[in-house]
Amino acid sequence: MIGLFDRLSRPLLRALDPEDAHNLTLKALRLVPVARAPADSPDIAVRAFGLNFPNPVGIAPGFDKGAQVADALLRLGFGFVEIGTVTPRAQPGNPRPRVFRLEADRAVINRLGFNSEGAPPVLARLAARAANGGVVGVNIGANKDSADRTEDYVRLIDTFAAVASYFTLNVSSPNTPGLRSLQQVEALDDLLARVLEARDKVRARVGPTPVLLKIAPDLTLSDLDDVVGVARKHGVDGMIVGNTTISRPPTLRERATAKEAGGLSGKPLFKLSTRMLAETFVRAEGAFPLIGVGGIDSGPAAIAKIKAGATLVQVYTALVYRGIGLLAEIKSDLAAALKRGHRNSLAEMVGVDAAEMTAESWPA
Ligand SMILES: Cc1cc2nc3c(=O)[nH]c(=O)nc-3n(C[C@H](O)[C@H](O)[C@H](O)COP(=O)(O)O)c2cc1C
């Protein structure tokens, strides 16, 4: 049903303002019954951070910021859903228009700026669906006008611990001024110490909840040395590489739209984010698993992420251009790649190309 809706509606949705189209898609997922996707082949199941994933393909945060359609997304066949970014208090984000399609580049620029309903309604929705199971991670961020940003993350850990399969600390959105400075070594050291302490405090009540760190693809390699070093020192459960980029690759064709401020996602982000993933993998030395995200638009692109070091992957922008059919295509390509390579599990493919990739010239 939703597949048919998807096919019929995509040309219509692409004619609308991107944010209106997005809101209409969320509404459809809330109202149109979603048939359950066929069960995944056990070959592509993944275990990471102490959690079991039926397949490694998740939907990236930003799609369902308010946890309105997490169950519909799981029924569509995503291996996991990451909701958010959620901030403690409601805030409107930046003025519209704030999402722009770069059609010819298969890309999007957004400067939403953490538009968030705030924690209470999102918590209520997650609590109402908690018994349904599935991996639903909660991506958390600080309010724009917060006096103590680190305290916002700490509060959100306490608020959502009972309903979050895992947490992602979003310190990499380019659209909240100053947020990315939390990736600097002293601020990050303090953030991770306080957040992991908060997580350990609620452990007796809710059990262990993995905490992952999502970084920007725009870090320098010496910043990345520091970030991975601090993440290892504190024993974070994983890293996500990465968020949108503030860079504008010279290859972009939609030159006028490319001038809009905000974070670029989609196909032109693939090379940079995959290189940063490989760089993170070689620095992590197996201390924790990684989630690869940025520009995945096909099965081969997802396989390249895994070979660069991703245990799990996430998609967002390509769904705008390719529709939900992309998900089944990626999963079947992953199963076929395992057979072709005579491998028993995806884990055997993780990072096999990472060292070689880090020796290549820097992607343009
Ligand atoms: C419209 C839009 C909104 C986003 N909002 C968030 C967000 O709230 N939190 C976050 O961590 N990432 C957010 N992202 C970034 C995505 O999660 C992802 O890291 C990025 O888009 C790269 O993946 P992609 O090329 O497959 O889209 C957003 C991306 C887009 C396009």
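The values are calculated or read from the model by the stated rules, or taken from the named source; none is laboratory data. Note that the structure is predicted; figures quoted are calculated from it, not measured. No Cβ is skipped: glycine too gets one built from the backbone with ideal geometry, and neighbour counts run over all protein chains shown.
From the list Arg36, Arg75, the lone residue that is more than 22 Å from the chain's Cα centre (by Cα) and of a type in the set (Lys, Arg) is Arg36. For region 1-28, filtered to residues that are over 17 Å from Leu326 (Cα atoms) and away from the ligand (no atom under 15 Å from the Cβ), the residue that is modelled with the lowest pLDDT is Leu12.
Looking at region 264-271, is at least one residue more than 13 Å from the ligand (Cβ to nearest atom), of a type outside the set (S, T, N, Q) and either surrounded by fewer than 22 Cβ atoms within 10 Å (Cβ to Cβ) or within 23 Å of Asn55 (Cα to Cα) (or both)? Show your work before the answer.
Narrowing region 264-271 to residues more than 13 Å from the ligand (Cβ to nearest atom): none.
For region 264-271, residues more than 13 Å from the ligand (Cβ to nearest atom), of a type outside the set (S, T, N, Q) and either surrounded by fewer than 22 Cβ atoms within 10 Å (Cβ to Cβ) or within 23 Å of Asn55 (Cα to Cα) (or both): absent.
Contact annotation: residue pairs with Cβ atoms under 9 Å, 6 or more positions apart or on different chains, pairing a residue in region 110-123 that is over 26 Å from Val320 (Cβ atoms) and free of Cβ contacts under 8 Å to residues at least 12 places away in the same chain with a partner that is more than 8 Å from the ligand (Cβ to nearest atom) and outside any helix (DSSP H, G or I), are Pro120/Ala90. When Glu151 is tested against (1) crowded, with 17+ Cβ neighbours inside 10 Å; (2) farther than 30 Å from Leu221 by Cβ, just one condition goes unmet, and that condition is (1).
None of Ala128, Ala119, Ala90 is more than 16 Å from the ligand (Cβ to nearest atom) and surrounded by fewer than 24 Cβ atoms within 10 Å (Cβ to Cβ) except Ala128.
Applying the selection to region 155-173, what residues are in a loop (DSSP other than H, G, I, E, B), at pLDDT 95 or above and farther than 14 Å from Phe80 by Cβ?
Ala161, Ala162, Val163
You will find that of Asp64, Asp105, the residue that is among the charged types (D, E, K, R), surrounded by 18 or more Cβ atoms within 10 Å (Cβ to Cβ), touching a strand residue (DSSP E or B) at 6+ places or on another chain (Cβ under 8 Å) and touching a residue at least 60 places away in the same chain (Cβ under 8 Å) is Asp105 and no other. Quick check on my filter: what residues within region 305-362 are within 28 Å of His22 (Cα to Cα), in a helix (DSSP H, G or I), of a type in the set (Gly, Ala, Ser) and within 16 Å of the ligand (Cβ to nearest atom)? The answer is Ala318, Gly325. Screening Ala147 on (1) over 21 Å from Pro92 (Cα atoms); (2) without any contact (Cβ under 8 Å) to a residue 24 or more places away in the chain; (3) among the small types (Gly, Ala, Ser) shows it passes everything except condition (1). When each of Val227, Val195, Val236 is tested for being under 30 Å from Ala107 (Cα atoms) and buried (at least 20 other Cβ atoms within 10 Å of the Cβ), the lone residue that passes is Val227.
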